[in-house]
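Comments concern the structure below.
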Amino acid sequence: MSDEQRRQLLRAVIAEFRDNGGQVSGPWEGRNLLLLTTIGARSSQSRTWPLTYLGDGDRLVVFAANSGRPKRPGWYYNLRAHPHATVEVGSDIVRVTATVVEGAERQRLWERQLAATPFLADFEADHGRQIPVVVLTPTD
């Protein structure tokens, strides 16, 4: 899939999510899906990304796996530069602060996610790098 085709797919998923109160069809149907809106690390422009997530109390946890691509996703770099973001879950919009977790906290969340999506371990092994685990904590 070309970069332009991928962008078109993401725009369609975002539109469907917003039109249907967070419900989408296709490969993300039935999954925990959120829309993460960040400020671009270099562009300073608003960027929105559909991501699957893991709930952890009132926090949302996302994994910077980038669908197994060799580089980390753009949203990860955006959050490192500008950790305040907005998340849409269903029809709710929440302001969050992003934190990359390490150590035992990362391991606990990583193991919970691997139980649901064991292929993430292959992504790490294929690229020889640890996939960052990012916790999104509501600020409101």
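The values are calculated or read from the model by the stated rules, or taken from the named source; none is laboratory data. None of the values given here were measured: they were computed from a predicted structure. With ideal geometry, Cβ positions are generated from the backbone for all residues, glycine too; neighbour counts draw on all protein chains shown. The area values use the complete protein model at the heavy-atom level, side chains included, leaving out ligands, DNA and RNA. Shrake-Rupley method; radii C 1.70, N 1.55, O 1.52, S 1.80 Å.
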Review point. Is it possible to state the helix-based mean residue ellipticity at 222 nm for the chain, with each DSSP H run of 4+ residues giving -39500 (n - 2.57), the sum divided by total residues, to the nearest 500 deg cm²/dmol? What is it?
Key: -10500 deg cm²/dmol
**Study point:** Accessible area (Å², per residue) of the chain, counting only protein heavy atoms and a probe of 1.4 Å
**Key:** 57
Practice item. Using R₀ = 22 Å, calculate the FRET efficiency as 1/(1 + (r/R₀)^6) where r is the Cβ-Cβ separation of N32 and S2; round to 0.05. Key: 0.20
Point to revise | Positive minus negative residues near L51 (Lys, Arg vs Asp, Glu; Cβ under 11 Å) | key: 0
Practice item. Compute, for F119, the solvent-accessible surface of its heavy atoms (probe 1.4 Å) with the complete set of protein chains present, and express it in square angstrom to the nearest 10. Key: 90
Review point. Which far-off residues, 5 or more places away or on another chain, put their amide H under 5 Å from the one on G40, with H placed in the peptide plane?
Key: Q45, S46, R47
Check your understanding: So, with a 1.4 angstrom probe, what is the percent of accessible area on the chain that is carbon and sulfur?
Key -> 48
